[in-house]
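The structure appears right after this line, and notes come after that.
The values are calculated or read from the model by the stated rules, or taken from the named source; none is laboratory data. Here the structure is a predicted model, which means the values were calculated and not measured. Heads up, the Cβs are rebuilt from the backbone with ideal geometry, glycines too, and the neighbour counts pull from every protein chain shown.
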Amino acid sequence: MAIKVHSPGLSTTVQDLGRPGYYHIGIPLSGAMDREALRSANLLVGNDENAAGLEVVFMGPELEFTAPATVAVTGGEIPPKLNGEPRETWKSFAVKAGDILSFDFLKAGARAYIAVSGGIDVPVVLGSRSTYTLGALGGHQGRKLAAGDELPVGTASKSGAAGRTIPISLRRMPGSPATLRMLPGLYWHRITEDAGKHFLTDTWKVAPEADRIGYRFRGGQKLAFVDRKPPFGAGSDPSNIVDACYPYGSIQVPGGTEPIVLHRDAVSGGGYFMVGTVISADMDLIGQLQPHMQAQFVAVDMAAALKARKDQDTLAASVRSALA
Amino acid sequence: MKTRYSFGGDEHIFVECDEEMSLQAFFKGLSITNGVRDSRIKGVTEICPANASFQIKFNPDEIAPDDLLAELKRIEETASKSVASLKTRIIEIPVLYNDPWTHETLMRFRERHQDPSSTDIEYAARINDLGTVDNFIKAHSGAPWFVSMVGFVAGLPFLYQMAERSKQIEVPKYLRPRTDTPKLTVGHGGCFGCIYSVRGAGGYQMFGVTPMPIYDPTQTISYLKDFMVLFRPGDIVKWKPIDREEYDQTVVDVEAGKFQPLIREVIFALDEFEKDIDGYNRKLQEALYGH
């Protein structure tokens, strides 16, 4: 079984839940930016939650199946069509050999996930099938898909039935403006009290430079810094630090102007100060933001971050039991 | 040198060993991260040493953030008593300074530079009071460099010049980062040198290029077959200035699988190094070249 890529879409990559363990040498986690959406898609077609699927950004690909399978599309609303006929998102459907899966224009969100029973069976590299394009690692030849590619599909141990669906209440999407909860810290002390207030009350807008490495935001006021003598090795700009590790979700603000939230293909370190970190429970939401959408950073404490994490786990458990 | 702990969201602890860069700060981080690794703390998923700081990634479902924080502080106390010494490697890296590829790139991004009327290496020579580009190359390739962090992108080494602070080369980063940097560019920003392992964005000044790959995701290059990344923190680098002919020959040799980098095992002891930096560097060179 294989999938033939007729047209690749804007930036379609093979992703599973990621490649932990190599951040210390600069190889990031990678994996789906909206992890819960990929998990849901996999469960709908009867795969393990960690099976590799396709992450589609803004614009869908056109794909041909060479054998029968069960398929599901979740995440952002990029409506699928089978041989030109509409299919629902978040609902499994059957495909036959020769069927063509294509997509309508993006209606909501930013990223859709395509799961196929058996999973995309590209080679496992350092424990994962995820694509890390900057390092030309994993996925299909270490890059986004191109027309003419042929993707191997694994053998399904148990194929999910067609027509299974996930209730709307279990599909999580960002609001408008999106609320991104963050734990202040890291180098928060570098900005003035007033700048800290603005950062949390200003409404930010997603900039066009938003990808798997990080999401840039603009539109808020420039942050003012507390005076200092630059520490040796940091550089003269007030936003410079001695190059250090960057947490996933950390919010750096080069020059104090445009915050960047690092995501699954994060650069592992660098020389810009960070004001804090988006909590793990809200990382999926960032993957569903389009350029120009509004967002607000909301400060929370560790207890609230852990509570949100529990809620996210409860949601995942509900999806599992809905499909059990 | 006061250690500062901060949570990076609910999955990371970020630890700054010192605000400013020094080998003492690096070794403090290294001894604590070694201690964390040896302790096999449940829930710790990644241990990332950096220049003067480090980061621990953890799963808060397996260990409460405050418990891990307390554990790290306990390890810090023990680690502070350990000796700053390391069994490591010295690696010779050939460099073609003033190469045509970084030159083409730096000309393309001139408006993002502090001094659009000169090249990166001319600018660095001038602001470090080295006069000529030749003098700059002598200073850059004279003392060895210490790998104090691996990261940013896959396998990229951050390099700290093993010289007295007054002699260390310092340059600002570009005013605005470039969107392109040739693969294997030898760069510099702040007090750190680097080798760009892959082509991509970058803000460091560009001085030259090495023909020796340091990252190979296909693992076909002879010396990267066992692991795709060459460098690890604690490695020592010695630059070797080469001409275009040697550069071209090395590229051919790498492709043919005939190139073997010059690598020797050495012990690095921080206190001995600091007692006599020039003498210690001479000994490292003797270990590398066998004379």
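Observations
- Going through (1) crowded, with 18+ Cβ neighbours inside 10 Å; (2) over 17 Å from A:T179 (Cα atoms); (3) more than 10 Å from chain B (Cβ to nearest Cβ); (4) hydrophobic (A, V, I, L, M, F, W, C) one by one, A:V267 falls short only on (3).
- Residue match in the stretch A:107-121 (condition: more than 21 Å from A:D211 (Cβ to Cβ), touching a helix residue (DSSP H, G or I) at 6+ places or on another chain (Cβ under 9 Å) and small (G, A, S)): yes
- Some residue of the stretch B:99-119 being in contact (Cβ under 8 Å) with a residue 24 or more places away in the chain, more than 30 Å from A:F273 (Cβ to Cβ) and either of a type outside the set (V, I, T) or within 14 Å of another protein chain (Cβ to nearest Cβ) (or both): yes
- Among the residues of the stretch A:85-125, those that are hydroxyl-bearing (S, T, Y) and part of a loop (DSSP other than H, G, I, E, B) comprise A:T89, A:S92, A:S117.
- Contact map, the stretch A:140-157: residues that are more than 14 Å from A:T66 (Cβ to Cβ) and in the same structural domain as A:P68 (by TED's automatic domain parsing) paired with residues that are among the hydroxyl-bearing types (S, T, Y) and assigned to a strand (DSSP E or B), Cβ distance under 9 Å, separation 6+ or inter-chain. Pairs shown: A:H140/A:T13; A:G142/A:Y132; A:R143/A:T13; A:K144/A:T13; A:L145/A:T13; A:A147/A:S7; A:A156/A:T70.
- Considering the stretch B:120-141, and only residues there that are more than 19 Å from B:P177 (Cβ to Cβ) and hydrophobic (A, V, I, L, M, F, W, C), the residue that is nearest to the other protein chains (Cβ to nearest Cβ) turns out to be B:I127.
- For A:M1: the one exception among (1) more than 30 Å from B:G155 (Cβ to Cβ); (2) at pLDDT 95 or above: (2)
- Among the residues making up the stretch B:1-34, those that are in a strand (DSSP E or B) and either assigned by TED's automatic domain parsing to the domain that holds B:C191 or not acidic (D, E) (or both) are B:R4, B:Y5, B:S6, B:F7, B:G8, B:H12, B:I13, B:F14, B:V15.
- Counting residues in the stretch B:78-93 that are closer than 23 Å to A:A305 by Cα and touching a residue at least 40 places away in the same chain (Cβ under 8 Å) gives zero.
- Enumeration of residues in the stretch B:242-291 that are closer than 24 Å to B:V209 by Cβ and part of a loop (DSSP other than H, G, I, E, B): B:I242, B:D243, B:A256, B:G257, B:K258, B:F259, B:Q260, B:P261, B:L262
- Looking across the stretch A:91-133, the residues that are closer than 21 Å to B:G155 by Cβ and surrounded by 24 or more Cβ atoms within 10 Å (Cβ to Cβ) come down to A:S128, A:R129, A:S130, A:T131, A:Y132.
- The residues of the stretch B:22-70 that are surrounded by 22 or more Cβ atoms within 10 Å (Cβ to Cβ), of a type in the set (K, R) and away from chain A (no Cβ under 12 Å) amount to a single one, B:K28.
- Taking the stretch A:132-241 and the strands (runs of 3 or more DSSP E) fully enclosed by it, the elements with 3 or more residues that are in contact with a helix residue (DSSP H, G or I) (Cβ under 9 Å, 6 or more places away or on another chain) are at A:178-184.
- Among the residues making up the stretch B:45-82, those that are assigned to a loop (DSSP other than H, G, I, E, B) and either under 17 Å from A:L186 (Cβ atoms) or not polar (S, T, N, Q) (or both) are B:A50, B:N51, B:A52, B:P60, B:D61, B:E62, B:I63, B:A64, B:K81.
- Count of the stretch B:214-241 residues which are assigned to a loop (DSSP other than H, G, I, E, B) and surrounded by fewer than 19 Cβ atoms within 10 Å (Cβ to Cβ): 9
- The criterion of being surrounded by fewer than 23 Cβ atoms within 10 Å (Cβ to Cβ) and either under 17 Å from A:I191 (Cβ atoms) or under 12 Å from the mean Cα position of the chain (by Cα) (or both) does not hold for A:P259.
- Subset of the stretch A:17-57 that is in contact with a strand residue (DSSP E or B) (Cβ under 6 Å, 6 or more places away or on another chain) and either in a strand (DSSP E or B) or charged (D, E, K, R) (or both) - its residue that is farthest from the other protein chains (Cβ to nearest Cβ): A:V56
- The stretch A:181-192 residues that are more than 9 Å from chain B (Cβ to nearest Cβ), paired with ones that are assigned to a strand (DSSP E or B) and surrounded by fewer than 23 Cβ atoms within 10 Å (Cβ to Cβ) (beta carbon under 9 Å, 6 or more apart): A:R181/A:V298; A:R181/A:A299; A:P184/A:A299; A:R190/A:F225; A:I191/A:F225; A:T192/A:F225
- Residue in the stretch A:165-172 that is among the basic types (K, R), more than 14 Å from chain B (Cβ to nearest Cβ), touching a residue at least 12 places away in the same chain (Cβ under 8 Å) and over 19 Å from A:E36 (Cα atoms) present: no
- Residue in the stretch A:227-237 that is free of Cβ contacts under 8 Å to residues at least 12 places away in the same chain, in the same structural domain as A:L285 (by TED's automatic domain parsing) and either crowded, with 22+ Cβ neighbours inside 10 Å or under 22 Å from A:G18 (Cβ atoms) (or both) present: yes
- Taking the stretch B:142-162 as the range and being aliphatic (A, V, I, L, M), more than 9 Å from chain A (Cβ to nearest Cβ) and in contact with a Phe, Trp or Tyr (Cβ under 9 Å, 6 or more places away or on another chain) as the test, the residues that pass are B:V147, B:L159, B:M162.
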